[in-house]
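To keep things clear, I will list the structure first and then write my remarks on it.
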Amino acid sequence: SMNHKIKLLPAAAFILAGGKSRRFGSPKWNAMLGGITLLEHSWNLCDDLFKSTVIVSKSKYDFGEKRLIQDILNVQAPLTGIYTALKQSEHRWNFIISCDLPLITKNIILKLWEKTSKKCDGVLPVTGRGLEPTCGFYTTTALPICEQMIAKGDYSLHNLNKQLNCEEVDFTQNTDLFLNVNSEDDLVKAEEHYYNTKR
């Protein structure tokens with residue numbers, strides 16, 4: 001659904017569909033919320049804002065019409081998803097979002113986008129829980145740092161962000177929108193929030 005009120009951002013979006021969801025029992029991206037999957041929530045959000053939207057996944061699932069790229073490395077870590085995304089992106093700025101953050105809004109993304117500039121190579125939200133590295137903008141200049149880290153077997157997003165020049169945007173007032181769905185309980189919380197705001 002094209003939203004003509006918003007000019008598409010000159011950036012690419014990459015949805016991390018993750019791999020195994022140990023705590024969840026089935027692929028997280030496939031969990032239902034408000035009648036659609038978590039993956040579709042992320043897809044609809046990004047597809048309305050960005051020039052291109054791509055799913056990054058370990059698996060060879062058929063996501064229908066949606067574009068999919070497979071993780072370059074077979075390591076279970078969001079860093080490999082970010083690395084895979086940046087390596088094949090045609091845009092300097094790239095929005096990375098994990099599909100287990102179903103309550104993220106367009107406003108959050110636009111607020112982050114406002115802070116992108118030539119002076120930084122990342123823009124990340126800070127919530128009441130701290131830095132949120134799987135919902136933010138990264139430039140392709142992060143690639144060599146990712147490569148060096150992977151070569152050392154270091155997959156810590158915290159370490160990646162320490163080496164990047166990141167703008168941090170304060171979302172402590174909106175911490176509830178950064179609910180991370182890791183369990184059935186989280187999904188129930190997400191549904192309560194979803195149905196309360198939809199009304």
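Based on this model, can you work out whether Asn107 counts as open to solvent by 20 Å² or more (accessible area, probe 1.4 Å) and either farther than 24 Å from Val181 by Cα or not in a loop (DSSP other than H, G, I, E, B) (or both)?
yes
I'm told Tyr138 meets every condition in (1) in contact with a strand residue (DSSP E or B) (Cβ under 7 Å, 6 or more places away or on another chain); (2) aromatic (Phe, Trp, Tyr); (3) at pLDDT below 95 except one. Can you identify the failing condition by its number?
Failing condition for Tyr138: (3).
Checking the condition open to solvent by 30 Å² or more (accessible area, probe 1.4 Å), farther than 26 Å from Tyr83 by Cβ, charged (D, E, K, R) and at pLDDT 90 or above, which residue from Lys162, Lys189, Lys198 passes?
Among Lys162, Lys189, Lys198, only Lys189 is open to solvent by 30 Å² or more (accessible area, probe 1.4 Å), farther than 26 Å from Tyr83 by Cβ, charged (D, E, K, R) and at pLDDT 90 or above.
Looking only at the stretch 30-51, which residues are more than 13 Å from Ile109 (Cα to Cα) and not in a helix (DSSP H, G or I)?
Across the stretch 30-51, the qualifying residues are Ala31, Met32, Leu33, Gly34, Gly35, Ile36, Thr37, Lys51.
Need pairs with beta-carbon distance below 9 Å; first residue free of Cβ contacts under 8 Å to residues at least 24 places away in the same chain and within the stretch 159-181, second open to solvent by 40 Å² or more (accessible area, probe 1.4 Å) and in a loop (DSSP other than H, G, I, E, B); sequence gap 6+ or separate chains.
Here the result reads Gln173/Gly128, each pair linking the stretch 159-181 to a residue that is open to solvent by 40 Å² or more (accessible area, probe 1.4 Å) and in a loop (DSSP other than H, G, I, E, B).
Scanning the stretch 74-101 for residues that are assigned to a loop (DSSP other than H, G, I, E, B), of a type in the set (D, E, K, R) and modelled with pLDDT under 95, which turns out most open to solvent (accessible area, probe 1.4 Å)?
Checking each candidate, the answer is Glu90.
With the checklist (1) within 16 Å of Leu38 (Cβ to Cβ); (2) free of Cβ contacts under 8 Å to residues at least 40 places away in the same chain; (3) surrounded by 12 or more Cβ atoms within 10 Å (Cβ to Cβ) in hand, flag the one item Leu131 doesn't pass.
Every condition holds for Leu131 apart from (1).
The values are calculated or read from the model by the stated rules, or taken from the named source; none is laboratory data. This is a predicted model, so every value here is computed, not measured. All Cβ positions, glycine included, derive from the backbone under ideal geometry; neighbour counts span all protein chains shown. With ligands, DNA and RNA removed, areas are computed over all heavy atoms of the protein, side chains included. Shrake-Rupley method; radii C 1.70, N 1.55, O 1.52, S 1.80 Å.
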